[in-house]
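Here is the structure we will look at.
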Ligand code: SF4
Ligand code: SF4
C-alpha cells in the first residue's frame, strides 16, 4: 500500500512523498486533536516550477509565480492529489483526512498572510486545530527547517509547497532529512526588499505583506509616479525605499494604498517581491552544489536589477513650484 500511495500521489503531480509515524509528534500536537487515532501523517510535496520565477527574476512578467506557483498548486493540483490518495486509502477501510493550509485562518492571533488580502484574513480568530504544516513537513522527511522557517528540500530548495493526509493506517516511516542545507548565510535576509526578516530569522508578516505586494519602488515596474502621494514625502520615500518603520495598523494603511497590479482570481495577491528571500536561498544552495536537481544554466546569470526611484522623488515638485 505504501508504494501504491507514492505512485498515485506522483501520478497526480506530487514530487516528494513522505511518511511520519505518530511517534514523531507530541501528544498534544494538532495532529491528534484533528484525529486521535492518527498512526501516520503522509506528506505530499509539490515543486514550485523553477521557470515560474523567471519573469520576476528578469523583471518582465509577474502573474505566473502567483497563479501557477501559489494559486493553482494550492487550489487545484494539491486538492486533487489529496483527494485521489485519500480515496485510495479509504478503499482499504482505513480513514484518510486530507489537510491543506487555510490561507485565511492563521495559527496565531497576531500577524497576517502576505499571500492574501489582509482584509480577507480572519484576524483574531485562530485555527487552534490547524496543523503546524512546517513541522509536519519536517517530520514527514520532505525537507529541513531553515533559519527563516522555510522548508528546504534537497531537490527543489525552498521552491516547494506541501499538504498532508492523516490516517489510521500504519506505514513505514520516511527518514528525516538531515543534510544541514541551511548554513545561516543570511542571503535570504539581505534579499528582502522590505527588510521584513530580522537578523534572528523571524519574519514580520505585516512588513512582509507590504513588500510582497510591491511597496519597494526600485523592485516594482508597475508602481506609478503618484504612488503613496498621500503620505508625507519622507514617509513616502521611506516606504518606497524599503526603510520605513511602521506598526501593524500603519501597515494596513500602506497596503490600502497599493493598487499597482491585479490579484489572482482566487483572492491571492500577486507577489511583486517574487519571493526574493526564497530565490536568494535557492541561488545559494545551487551555488554550493547542494541541490540534487541540476539545470543547464544557473538561476541568476547577471547582476540583480534595480529601478530608479527618481520619479517618486520628483512627483509633485513641479506642482509645488506653481
Ligand atoms: S522577500 Fe518577499 S516574501 Fe520574502 S520576506 Fe521579503 S517581502 Fe516577504
Ligand atoms: S539563504 Fe537559505 S541557507 Fe542562507 S540563511 Fe537563508 S534559508 Fe538559510
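Nothing in this text is a laboratory measurement; each read-out follows from the coordinates by a stated rule. Keep in mind that this is a model prediction, so the values were computed, not measured. Cβ: placed from backbone, ideal geometry, glycine included. Neighbour counts: every protein chain shown.
A few remarks follow.
- Longest to shortest principal axis, alpha-carbon extents of segment 49-139, angstrom: 51, 34, 24
- Full extension of the chain between residue 49 and residue 120 yields a length gain of 22.8 nm, computed as 0.36 nm times the residue separation minus the alpha carbon distance.
- Along its first, second and third principal axes, ordered by size, segment 227-312 spans 48, 33, 23 Å in Cα coordinates.
- The alpha-carbon atoms of segment 2-167 define a convex hull whose volume equals 127 cubic angstrom per residue.
- Where labels lie 7 Å past Cα in the beta-carbon direction, separation of residue 72 and residue 60 in nm: 1.8
- Euclidean distance of C-alpha centroids, segment 211-228 and segment 25-90, integer Å: 29
- Given in Å, the Rg to one decimal and the Dmax to the nearest whole number for the Cα atoms of segment 98-157 are 13.0, 37.
- In a fully extended conformation the segment linking residue 222 and residue 109 would gain 37.4 nm over its present Cα-Cα distance, using 0.36 nm per residue.
- In the chain, the DSSP beta bridges split such that about 95 percent are antiparallel, to the nearest 5.
- Here segment 238-306 and segment 131-168 have alpha carbon centers that stand 20 Å from each other.
- Rounded, prolate or oblate (a/c below 1.5 giving rounded, otherwise prolate when a/b exceeds b/c) for segment 81-219 by Cα gyration tensor: oblate
- When the convex hull of its Cα atoms is projected in every direction, mean area for the chain (nm²): 17.2
- Equivalent ellipsoid, segment 143-286 (semi-axes from 5 times Cα gyration tensor eigenvalues, Å): 34, 18, 13
- Here each label is just a point 7 Å from Cα along the line to Cβ, and for residue 288 and residue 170 those points are 3.8 nm apart.
- Computed from the C-beta positions of residue 83 and residue 314, the FRET efficiency with R₀ = 45 Å rounds to 0.25.
- Over the chain, DSSP H runs of length four or greater, each weighted -39,500 (n - 2.57), average out per residue to a 222 nm ellipticity of -7500 deg cm²/dmol.
- Two-site FRET efficiency, residue 307 against residue 238, from Cβ-Cβ distance with R₀ of 22 Å, rounded to 0.05: 0.85
- Rounded FRET efficiency, nearest 0.05, which uses the C-beta distance separating residue 230 from residue 184 and R0 of 45 Å: 0.65
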